Amino acid sequence: MMTFEKRLFSFLVRHSTRSSLTQRHPALATLFAVSAILMPIQGLAQGSPAGFRILATPQVLAHPEGGELLQAYVPANWHSVYREWLNNRGVDELVPQEQNLINWKQMLAFQVIDNPVLLPQHYLNDLKSTLSKECRFSYSQPLQTVTQPRYESAMIISWCGQVLDAAWGEIILTRVIRGESALYTLSKSWRTIPFSSVNEIGLPNAEIQHWQATLNRSNVCNMRDQTCAQ
């Protein structure tokens, strides 16, 4: 069965993109899914320190001069449990070292959507609409995000009281950045007991602010403009 996170990604990508080269050449997409689509700047092995990894389209990674990419910040001791590049979308999902894809309680997800048609706020509006259909209770609230010259961004926190086909709820903090030819999404999720109002779930404001600041450490840059950190 497709997980809740995969359903969200699948629905939002279908409504966020137009046809592109990677859709017409699935072999190219598969190649980058298993090789260079998500290349660590620092290794993220067990016990590893915090660091950055890059997220970019296959076209950027294949170009000798590079191009636009997301420098995604990853805290210490998180590891990848799922990666793919398919139908214009690359995603990397990470959890704390002691958790896995089945039993996770916290998850980070970085995503690149190639050739998008939506602006960040429109993507978040679609996310809110999707959550209202996938959750027994849902609520969203806008948050402050870091802005960069040339790159529009937006952030929200969303509460899903209970996933329709599951026995838990989720809280999802989502930041979206619009690049020149790609849309980048960064999310931090918490699995919780089911709830029917925001007041029922005890997620401290300090925890939200910490992860808001963590997601804001990531940034979009362009190798051809020499704006990426070395």
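What the table shows:
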| quantity | calculated |
| --- | --- |
| Subset of segment 98-124 [open to solvent by 50 Å² or more (accessible area, probe 1.4 Å), more than 16 Å from the chain's Cα centre (by Cα) and of a type in the set (S, T, N, Q)] | Asn100, Asn103 |
| Near pairs, Cβ below 6 angstrom, 6+ apart or cross-chain, from segment 214-226 (more than 21 Å from Gln59 (Cα to Cα)) to any residue that is open to solvent by 40 Å² or more (accessible area, probe 1.4 Å) and at pLDDT below 90 | Asn216/Val146 |
| Residue under evaluation Gly90, criteria (1) at pLDDT 95 or above; (2) open to solvent by less than 40 Å² (accessible area, probe 1.4 Å); (3) within 30 Å of Val60 (Cβ to Cβ), criterion not met | (1) |
| Test set (1) loosely packed, with under 15 Cβ neighbours inside 10 Å; (2) more than 24 Å from Pro204 (Cβ to Cβ); (3) of a type outside the set (D, E, K, R) - Thr130 fails condition number | (1) |
| Every pair of residues 6+ apart whose Cβ atoms lie under 8 Å, when the first sits in segment 56-71 and is closer than 11 Å to Cys221 by Cα and open to solvent by less than 10 Å² (accessible area, probe 1.4 Å) while the second is aromatic (Phe, Trp, Tyr) and assigned to a strand (DSSP E or B) | Leu70/Phe110; Leu70/Tyr184 |
| Breaking point among (1) in contact with a Lys or Arg (Cβ under 9 Å, 6 or more places away or on another chain); (2) of a type in the set (Ser, Thr, Tyr); (3) open to solvent by 60 Å² or more (accessible area, probe 1.4 Å); (4) under 20 Å from Asp92 (Cβ atoms), for Thr174 | (3) |
| Matching residues in segment 141-163 - criterion: being among the polar types (S, T, N, Q), open to solvent by 40 Å² or more (accessible area, probe 1.4 Å), free of Cβ contacts under 8 Å to residues at least 40 places away in the same chain and under 18 Å from Thr185 (Cα atoms) | Gln141, Thr147 |
| Pair list, Cβ < 8 Å and 6+ apart or interchain, from segment 126-140 residues that are closer than 18 Å to Phe195 by Cβ to residues that are β-branched (Val, Ile, Thr) and surrounded by fewer than 19 Cβ atoms within 10 Å (Cβ to Cβ) | Tyr139/Val198 |
| Condition broken by Ala166, with the remaining ones in (1) within 25 Å of Trp85 (Cα to Cα); (2) open to solvent by less than 70 Å² (accessible area, probe 1.4 Å) satisfied | (1) |
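The values are calculated or read from the model by the stated rules, or taken from the named source; none is laboratory data. What you see is a predicted model; the values in this text were computed from it and never measured. Counting neighbours? That spans all protein chains shown, and the Cβs are built from the backbone with ideal geometry, glycine included. The area values use the complete protein model at the heavy-atom level, side chains included, leaving out ligands, DNA and RNA. Shrake-Rupley method; radii C 1.70, N 1.55, O 1.52, S 1.80 Å.
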